[in-house]
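Okay, structure first, notes after.
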Amino acid sequence: MNSLQRIATAVREFLSPPAQAGPQGPLQVTNVTRGTVLATRLEAAHTGPTRRKGLLGRDGLERGEGLWIAPCESVHTFFMRFPIDLIYLDRERRIKKARSAVGPWRLSACFSAHSILELPAGTIRETQTERGDRLEIEAADELRS
């Protein structure tokens, strides 16, 4: 490959959309360590606009719902109307940090995280999810087959 071809390849890679962080929705999240299900209707927010919007504009999350933001290491709950549980994951989907019932007008971060799960308040407690647990995120329709 000559210099011009290498430059063209580098530009093409730079301009191409980023690879997705994982499977696309609807998704299911299972705590493999505890054998519990955290969400069965998880949405993926892997693009700039979906990550920025997050859960803003919603009135709440039902049990089984949630949002997976990737890549992401911090969130805010400004203008939110309800509390949420936050689970910070590394690239291997091991829990680095978990925060329960984070109310509106808060900031939360874990700079060693790669992605964040936003779940209904109470999910962490109900599933006994803890730091160090390993989660699995799969397409929900794959689980039904």
Per-peptide average of other Cβ atoms within 10 Å, ordering 101-107, 28-34, 50-56 highest first: 28-34, 50-56, 101-107
Listed residue (V29, Q128, S74) projecting farthest to the positive dipole end of the stretch 20-144, Cβ model: S74
Summed residue charge, Cβ within 11 Å of A98's Cβ, Lys/Arg positive, Asp/Glu negative: +2
Relative contact order %, the chain, counting alpha carbon pairs below 8 Å whose residues are six or more apart: 27 percent
Whole-number D in µm² s⁻¹ for the stretch 20-144, Kirkwood Cα-pair radius fed into Stokes-Einstein, 37 °C, 0.692 mPa s: 233 µm²/s
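Going by average Cβ neighbours within 10 Å, how do the peptides 62-69, 108-115 rank, with the highest at the top? Don't skip to the answer; put the middle values down first.
Details: 62-69: 19.2, 108-115: 16.6.
Ranking, from highest mean packing down: 62-69, 108-115.
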Sum of side-chain charges, T30 neighbourhood, beta-carbon under 11 Å (Lys, Arg +1; Asp, Glu -1): 0
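We did not get these values from a lab; they are worked out from the coordinates using the rules stated. Note that the structure is predicted; figures quoted are calculated from it, not measured. Positions of Cβ are backbone-derived with ideal geometry, glycine not excepted, and every protein chain shown enters the neighbour counts.
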